[in-house]
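Just so you know, all these numbers are worked out from the coordinates, no wet-lab data involved. Just so we're clear, the structure is a prediction, and the values are computed from it rather than from any experiment. Every residue, glycine among them, receives a Cβ derived from its backbone with ideal geometry; neighbour counts consider all protein chains shown.
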Amino acid sequence: MAETPERVYQFNHSHLLGLSDYSAEDILYVLEQAKTFREVLERPVPKIPTLRDKTIVNLFYENSTRTRLSFELAQRRMGADVVNFSASTSSTRKGETLRDTIQNISSMKIDMVVVRHEGPGVPHFLTKCVDASIINAGDGAHEHPTQALLDLFTIQQIHPDLRGRKIAIIGDISYSRVVRSNILGLKKVGAEVTVCGPKTLMPAFVESMGANVSWNLDETLAWCDVAMALRIQMERMGQVTDLFPSLREYHHLFGIKMAHLEKYPDFIIMHPGPINRGVEMESRVADSERAVILNQVTNGLAIRMAVLYLLSGRVRE
């Protein structure tokens, strides 16, 4: 009986709209590509001309520092022509619609669009308006796929086999787009996920996605290999006191403290940034050797270089 030939993996995506569209194989392939670009970043001159004939638009309707700078730096280090769009200085203030904006930009012969928008589903909408590849840099409280990929990449550097790893996501679960992408990505590669936070910030969808729910920080930290604290997104909440009594009370119940590091010596600490010091964690925790937060930032550059490379079509040509 003839043997069945092994299936040859091929990356076939034209967009990165969310990790819901990517298989475990796709995710692990992106992480593998990121290793190469992480090595590039360690070179004396960390530049490669991979995208020198590509034009990329960064279409940001929401404020961003880390994500926008990371994408722009990745693009420039790969030799792309970069156009930055800011809604605050654009014709959107004169009433131009999103469709008109993107179609006008597209007429300038662009290849890729990196978009951040407060509206969930905007990256999906843009795929119907233009032929360019679309990368979701955060859409409302829906998804933030490159953040999840860099988180997985950071965990993989410490725990190469992600299967069975215990990941705790702590804090503002309701308003976070990071948590959705992370649960999707982590579950697909075989990790276990527990979310922990106030009941007022714990939506029902997390259990339907396969995550465990805990209300006890100490039990969660005793269980996990990785503790990922999420920023309390006060700009999305309105009055914080509607959701919990005070930031001091939140820190008392769900903030990671040096006492936790002494009591539970094995877990590492992550945070997507920016950190509210004294809220999600003590300053000494953020600056401790157990925290890999700055490494996440560097890994974000490598992941975004890998995503740009893969979606540019170089691999499929």
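To the nearest 20 debye, what charge dipole does the chain have about its Cα centre, counting +1 at the Cβ of each Lys and Arg and -1 at the Cβ of each Asp and Glu?
Values: 36 positive and 37 negative charges, 148 e Å.
It comes to approximately 720 debye.
Rank these for me by crowding, Ser23, Ser174, Ser246, going from fewest to most other beta carbons within 10 Å.
Working: Ser23 13, Ser174 19, Ser246 10.
Neighbour counts put them in this order, fewest first: Ser246, Ser23, Ser174.
Fewest to most neighbouring Cβ within 10 Å: what's the order for Leu150, Leu126? Write out the running numbers ahead of the final one.
Values: Leu150 28, Leu126 24.
Ranked by crowding around the Cβ, least crowded first: Leu126, Leu150.
Describe numerically, in nm with one decimal, the distance between label points set 7 Å from Cα along Cα→Cβ at Arg52 and at Asp131.
Label at Arg52, label at Asp131, 2.5 nm between them.
What aspartates and glutamates does Lys35 reach when the alpha-carbon gap must be under 20 Å and sequence neighbours fewer than 8 apart in one chain are set aside?
Partners within reach: Glu25, Asp26, Glu72, Asp151, Asp161.
Over the chain, what is the relative contact order in whole percent, taking alpha-carbon pairs under 8 Å and six or more residues apart?
Numbers: 548 pairs, mean separation 62.3, N = 317.
It rounds to 20 percent for the chain.
Over the Cα atoms, compute the radius of gyration (one decimal) and Dmax (the largest Cα-Cα distance, rounded to a whole number) for the chain, in Å.
So, for the chain, Rg and Dmax equal 20.0, 70 Å respectively.
For the pairs Lys166/Lys199; Lys128/Lys188; Lys54/Lys128; Lys187/Lys257; Lys54/Lys188, note any where the Cα-Cα span goes beyond 30 Å. Working shown, then result.
Numbers: Lys166/Lys199 21 Å; Lys128/Lys188 27 Å; Lys54/Lys128 21 Å; Lys187/Lys257 27 Å; Lys54/Lys188 32 Å.
Among Lys166/Lys199; Lys128/Lys188; Lys54/Lys128; Lys187/Lys257; Lys54/Lys188, the Cα-Cα distance tops 30 Å for Lys54/Lys188.
Select from the chain the helices, each a whole stretch of DSSP H, whose alpha-carbon atoms run 18 Å or more along the helix axis and whose Kyte-Doolittle mean is at least 1.0; answer none if there are none. Present the calculation step by step, with values, prior to reporting the outcome.
Numbers: long enough: 24-41 (26 Å, 0.16); 145-158 (20 Å, 0.57); 293-311 (27 Å, 1.29).
For the chain, where a helix must reach 18 Å along its axis and average at least 1.0, the hits are 293-311.
How big, on average over all directions, is the shadow cast by the Cα convex hull of the range 203-294, in nm²? Write out the running numbers ahead of the final one.
Working: hull surface 25.5 nm².
So the Cα hull casts an average projection of 6.4 nm².
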